Every structure is written in C-alpha cells, then in structure tokens.
Amino acid sequence: MAVVRRAEASGSDSTAQREIARLVELPEVQRAASQFRSQESRFVQWQLEMARIPAPPFGENARAEWLAKRFRELGLEEVHVDEVGNVLGIRTGSAKQFIALSAHLDTVFPAGTPLNIRQHATRLYGPGVSDNGAGVTALLAVAAALQELELALTLPVLFIGNVGEEGEGDLRGMRHIFSNPHWKNSIRYILVLDGAGCDTIVAEALGSRRFEIIVRGPGGHSWSDFGAPNPILVLARTIHGFSQTRVPVSPKTTFNVGVIRGGTSVNSIPESASMRVDIRSTSMTEMEYLEASLRRELELAMGEEARASEQRSPSHRRTSGLSHEVVVIGSRPAGELDPNAQMLKVIRAVDAHLGNAAQIQRASTDANIPLSIGREAIAVGGGGSGGGAHTLQEWFDGTGRELGLTRILMTALGLAGVSVLTGKI
Ligand SMILES: [Zn+2]
C-alpha cells in the first residue's frame, strides 16, 4: 500500500473507552496479550513458511491452500477457498452480522522471482516478508488467540486471506467479497491488516484510475508519405491539453503520464503509439472530472491531427485513417470513513489505553472497496517493523510485535462485543 500522511485525527469517545477498559480487565484478555509475547517464535515460523510459497498476482493458489490448513488447525469453521481464490473461515458469535479481519495473500513479485527468505536474529528478509507476511501472520495470531480465549463473542469474526490486492490485481479479491450479496449485507466492520507497524489508521481510501491509450494510423515513409496522420503527434497533442487540467490541492488529486511507446524508426511515420496514464484522488468526483478531461483532450487531438495532416499535404486530400482506443487498466474507488464511525472510536480508545500514538492516513488498500460503498473499514499494520516493501531487499523485524497484535485483538473484541465468559478462569 502507498501511504500519505493526514494531519488531523479524531478522538475516542467515553463509551468506547469504558468498553475497552472493561475488556482489558478480563483475565483471559490479559493472558492473550502476554501470550503474544511468548509465541513470537511460532509467528516467525508461520511468516517464514508463508513467504517461501510464491504468490505472484493471479498465482496465489498454493499460498491460499497453506492458509486454509492453518485456519482449520486454529479451529475456524466453514473454512473454504472461494471462486476467485480468497480463503475464508469463521469464529462463531451470537449475532448475524460479522466483523471481518482480512490480509492480502498476493505479492507484487512475478512468478520465478528468487525468494531467498531468511532469518537473522529478530529480522526476516526476502520479498513479501512484511507486505504482506506481517498482515497474514497477524491474522493467524488473532485467530489463535480467539481459539484460546474461550470468550463468547456477539458478532462472529470472519477471517479472510484475500487475493489480488497489489497492482494489476486491482483489489479483485475484496471486490469479489463485496459483490457477493451475502457478505455485502452481513459484514458490518472490516479491519484490513496490511504490512508492519502499529502507528497508522488508514481511514481514507485513495482512489485511482489507470488507462492505456492506443492510437493507430496508416503509417508510412517520413519523406514520401509526408502528411499522413501521426499517432505520436496525437498523443503529444493530448498530453499538451490534458496536462493543463487544473486539479485541486484539497481533495488532493494527481495525474501522471508514466509510459509512452510507439513508432518503428526515425524515418517512419508510426503506425501506432500508446501511453499509460494514472489518475488519483480521494474524491470520486475529481477522478471523474480528470477522466472526462483526458477523453475530451484525446478527441480534440484526433480532430486537430486529422486537419493538420490535410494541411501538411493538401494535394493528397486523404481521409485521416486514424483510430484510437482507451483501455481501463486499473480502477480503485475512493472513499473515506465518517469521523464519527464506531471503528474509529474503538481503535482510538484501544490506542489511548495502550499508549500507542497513531496517525490517520490516506492510502490505497483493500479498505477502498468497503469504504467506497459506505461500509466501515480501516487498514492497520500487523505490528513489528518493516521496510523495503515491493523490493527484493524487503525486511521485517518482530521486536515489539505484541503491541500491534494486542491492538488488533482489542479492536476486534471491542467491535465484536464480548457478552459472556464461558472459559475456565
Ligand atoms: Zn500490502
């Protein structure tokens, strides 16, 4: 996930604080928190095992099977892999609505990338070890704690190891879950576990749209066919017009032309040219405005180049022969959590209790999907620390991981509601 810092943060409220204080007093909750410390070697084992199973975009099957086995071992119910490859499992509760905890399984690394996952003291190294080794390990650590706790939950907890978060995966795993009417109507809260750390609360979904624009023409010899319309000139005219579109500072909105290709040689009029454009904003309206501007500038450029082509070679009076195609290669919806949302109140109360300073942030994560349809969702890290995400030098350090895990567990319990103690104290 790409993270952008946001300055302001809302406080917790007293009802949430009282509920968290009550939970903290439960001896079983205290025991769970202390076990997070003593079980670090088990967590490291999971994290190494998982990171050694390749999970390129659209190739997460083996890792999903591994996770389904862990879910079964930890006593989750109805464990299964769905149609697109998401792994689901349930810890039961008395109510019908769910709190979901999710972590993405995929990495950005293509099939065949040498993984070379290794450990030196408290540090783990290798691609995907933190993003999202830390998130998936946190998912398992919380499932293990709930198995031990023997608390009666009000909301059942749905554990999700989902596919397709990164890049071209385009959030397909989470999209699939929220396109299923059963899950769409029954997931009340979703806590997304992504990467390491415990100093952030991602409550704003950074939206993006990505396009590939392809322009084709008749091509020809630069001298003898002079005048034929030129696809590279169409792109140049489009970029010139589009790059003058005004974007607001707030809500922050950006655009980029990141790749441009085309042509065969310096003395050929190109037969085709293409470019890739990235548009981002926290506001759907601003993204739509920019997309409309891009499409309009392309149409104008097509007309201008056709007319210019006739002027360059009036004797030929040729028909233009230009065509274009706009392919959407990525679309992530924007959205943001209501500052008075229950999830924010609860995690704020948990952070206050743990003395954990966390900033509200804006990022592109699996939470984009539920946030864009008005559902309560936040994304947090799985504890510990990490760096070098999306590189072969990625690392994770489990020192202090228990703080992040306790934070996730308490937030989940605070949202699920703990009604009765059924265990032996
Ligand atoms: Zn991630």
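No lab work stands behind these numbers, since they all come straight from the coordinates. Remember, it's a predicted structure, so these values are computed and weren't measured experimentally. Methodologically, a virtual Cβ is constructed for each residue, glycine included, from the backbone with ideal geometry; neighbour enumeration extends over all protein chains shown.
For the options 87, 24, 346, a Gaussian network treatment of the chain with springs between C-alpha atoms closer than 10 Å singles out 24 as fluctuating the most. Rounded to the nearest 20 debye, the dipole size of the range 272-415 about its Cα centre is 160 debye, using +1 on the Cβ of Lys and Arg and -1 on the Cβ of Asp and Glu. Loop exposure criterion: GluC sites (Glu not before Pro), DSSP state outside H, G, I, E and B, at most 13 other Cβ atoms within 10 Å. Applied to the chain, the longest stretch between such sites is 151-425.
Ranked from largest, the principal axis spans of the Cα set of the chain equal 95, 44, 36 Å. About its Cα centre, the dipole of the range 148-266 is roughly 720 debye, where the only charges are +1 on Lys and Arg Cβ and -1 on Asp and Glu Cβ.
Extension gain, residue 31-residue 265: 0.36 nm per intervening residue step, less the Cα-Cα distance, totals 77.2 nm. The charge dipole of the range 8-63, taken about its Cα centre with unit charges on the Cβ of Lys, Arg, Asp and Glu (plus for the first two, minus for the last two), comes to roughly 280 debye. Of the trypsin sites (Lys or Arg not before Pro) found in the range 323-425, the ones in coil according to DSSP and having at most 12 other Cβ atoms within 10 Å of their Cβ are 424.
Simple rule: put +1 on each Lys or Arg Cβ and -1 on each Asp or Glu Cβ in the range 105-229, find the dipole, and look at 114, 208, 152; the Cα lying farthest toward the positive end is 208.
Amide H to amide H distances under 5 Å link residue 187 with 98, where only residues 5 or more positions off or on other chains count and H is placed in the peptide plane. I want to make sure I understand the PRE zone here: with the label point 7 angstrom from the Cα of residue 225 toward its beta carbon, which residues in the range 260-285 have backbone N atoms less than 17 Å away? Residues 262-274 fall inside that zone. For the options 301, 51, 379, a Gaussian network treatment of the chain with springs between C-alpha atoms closer than 10 Å singles out 301 as fluctuating the most.
Computed from label points 7 Å out along Cα-Cβ, the spacing between residue 308 and residue 168 is 3.2 nm. Largest mean-square fluctuation among 80, 324, 104, in a Gaussian network model of the chain whose springs join Cα atoms under 10 Å apart, belongs to 324. Where only DSSP H runs of four or more residues are counted, the chain gives -11500 deg cm²/dmol as its mean residue ellipticity at 222 nm, each run worth -39500 (n - 2.57).
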